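Enquirer: My questions all concern the structure below.
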Amino acid sequence: VALALRTAMEGEEATRLRQGKDEIPIRVRLRKSDRDTPAELSLLTLSTMKGPVKLGDVARFSVGDGPQVIEREDRSRQIQIWAAPRGRALGEIVDEVKPRMEALKLPAGVSFAFDGQIRMMKESNENIGIALALGVLFIYIVLASQFESFIHPLTIMLTLPLALFGAIVALFVTDNTMSMGTMIGIILLMGLVTKNAILLIDRAIVRVREHGETPLSAVLAAGPERLRPILMTSAAMVLGMLPTAISHGGGSEFRAPMAIAVIGGVVSSTLLSLVVVPAFYLGIEELKAFVARQLGRPPAAPTLVSPPDGAIARSEGEAP
């Protein structure tokens, strides 16, 4: 029925007339007098498996309202309502609109769902979360293989929440939101901030294993030794990101929050890791010694490196 009415009212392209380089479509349909009234349309012939029948024998004409186009998704009819955000974050709009939509008394079989930028934002956040989790996992695997320990990588990775705290505070102070650029900056922080703890803890572990020092004396000695490279690398990263953070050119709405998150995370992790990470390292070492005493195991003897033949053994810092 629909195909027959479409052919009668709109017509069907039968062929094309070529005139030079132009092609003119030839559309065949009923004359205007044969399609003006329902009575004329009811005489339309339909081809069926049992032979031709009149349209009036199988359908009834009535005047009413209906959609011009019926769109479907997953075999269900749908109506799309589009709007563009102006001057507000997309997440804030969702938090405001969603409760109002849920409060509506929709008819049976009717539901609503967010699409467009909101759906893309949700998918992006899920993918960013997976990338963040994989980044943390790979960092732990690499650190565990390098330090040959399952505990010391946790000490180094303590800088990750410290950096996340600084990034969130920096975004709050500068009145920025948790956008896609911000999430990329946080993933970037995962690899940047661990270097400070690696410099500090690695030096302390080396002094304990090779020089036979206690964890406390090793940390106290490693702090001043590694303070300058820690501050230099952190300052280089902050100064490198500063132009991007304060720029107002094209695309700055995406790049500036990323740079601000990186700056805040690097600053907070640098300042806090110099205090929190050594304290956590000492706590872990004391816990390991306590567990060893409870199990009746002697503490692991440090590995002393003997000087080569002909060399004079002296304490570090002693004048020759």
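The values are calculated or read from the model by the stated rules, or taken from the named source; none is laboratory data. As the structure is a computational prediction, the values presented were derived from the model and not from experiment. We place every Cβ from the backbone using ideal geometry, glycine too, and count neighbours over all the protein chains shown. Please note that ligands, DNA and RNA were not included when accessible areas were found on the heavy atoms of the full protein model with its side chains. Shrake-Rupley method; radii C 1.70, N 1.55, O 1.52, S 1.80 Å.
Enquirer: Phe254 accessible area, nearest 10 Å², 1.4 Å probe?
Expert: The value for Phe254 is about 90 Å².
Enquirer: Another question about this same structure. With axes computed from alpha carbons, what is the tilt in degrees of helix 215-246 against the longest principal axis of the chain, rounded to the nearest 10 within 0 to 90?
Expert: Long axis of 215-246 versus the principal axis of the chain: about 30 degrees.
Enquirer: What is the Cα radius of gyration of the range 88-215 over 2.2 N^0.38 Å, N being its residue count?
Expert: Numbers: Rg = 21.6 Å, N = 128, 2.2 N^0.38 = 13.9 Å.
For the range 88-215, the normalised Cα radius of gyration is 1.55.
Enquirer: When the helix-only estimate is applied to the chain (DSSP H runs of n ≥ 4, each -39,500 (n - 2.57), divided by the residue count), what is the mean residue ellipticity at 222 nm, nearest 500 deg cm²/dmol?
Expert: Computed ellipticity for the chain at 222 nm equals -19500 deg cm²/dmol.
Enquirer: For Ser252, what accessible surface area do you get with a 1.4 Å probe? Give it in Å², rounded to 10.
Expert: Number for this one is 20 Å².
Enquirer: Hey, of (i) 1.22; (ii) 1.33; (iii) 0.94, which did the structure itself give for Rg/Rh (Cα atoms, Kirkwood Rh) when calculated?
Expert: Matching entry in (i) 1.22; (ii) 1.33; (iii) 0.94: (ii).
Enquirer: So what J values fall out for the range 62-69 if you push phi through Karplus, 6.51 cos²θ - 1.76 cosθ + 1.60 with θ = phi - 60°, rounded to Hz, Gly and Pro as x?
Expert: Per-residue couplings from phi come out as 8, 8, x, 9, x, x, 6, 10 Hz.
Enquirer: Report the gain in length on full extension from Val53 to Ile70: 0.36 nm times residue separation, minus Cα-Cα distance, nm rounded to one decimal.
Expert: Numbers: separation 17, 0.36 × 17 = 6.12 nm, distance 2.77 nm.
Once the chain is fully extended between Val53 and Ile70, it gains 3.4 nm.
Enquirer: Once neighbouring chains are kept in place and the probe is 1.4 Å, which whole percent of the accessible area of the chain is contributed by carbon and sulfur?
Expert: Details: 13830 of 22600 Å².
Carbon and sulfur atoms account for 61 percent of the accessible area of the chain.
Enquirer: Gain in length, Ala84 to Tyr140, computed as 0.36 nm per residue apart minus the alpha-carbon separation, to one decimal in nm?
Expert: 16.0 nm
Enquirer: Per residue and in Å³, how big is the convex hull formed by the alpha-carbon atoms of the range 3-47?
Expert: Once divided by residue count, the hull of the range 3-47 is 73 Å³.
Enquirer: Which parts of the range 75-101 would a label at Met121 reach, counting a residue when its backbone N lies under 17 Å from a point 7 Å out along Cα-to-Cβ?
Expert: Label zone hits: 81-101.
Enquirer: Using θ = phi - 60° and the Karplus form 6.51 cos²θ - 1.76 cosθ + 1.60, what ³J(HN,Hα) does each residue of the range 164-172 get, whole Hz, x for Gly and Pro?
Expert: 5, 4, x, 5, 5, 5, 5, 5, 5
Enquirer: Now, a different point. Two-decimal Rg/Rh of the range 51-144 from alpha-carbon positions, Kirkwood Rh?
Expert: Looking at the range 51-144, the ratio lands at 1.26.
Enquirer: Using only Cα atoms, locate the centre of the range 22-48 and the centre of the range 207-261, then give the distance between them in Å, rounded to an integer.
Expert: A separation of 78 Å, based on Cα centres.
Enquirer: If I take R0 = 22 Å and measure r between the Cβ atoms of Ala14 and Leu43 in this structure, what FRET efficiency does the formula 1/(1 + (r/R0)^6) give, to the nearest 0.05?
Expert: According to the calculation, E is roughly 0.50.
Enquirer: Would any residue of the range 165-205 have its amide N under 15 Å from a label point 7 Å out along Cα→Cβ of Val275? List them or say none.
Expert: Answer for this model: 166.
Enquirer: Let me ask you something else. Residue by residue through the range 106-117, which ³J(HN,Hα) values in whole Hz follow from phi under the Karplus form 6.51 cos²θ - 1.76 cosθ + 1.60 (θ = phi - 60°), with glycine and proline marked x?
Expert: Once rounded to whole Hz, the list reads 7, x, 5, x, 9, 9, 9, 8, 8, 9, x, 5.
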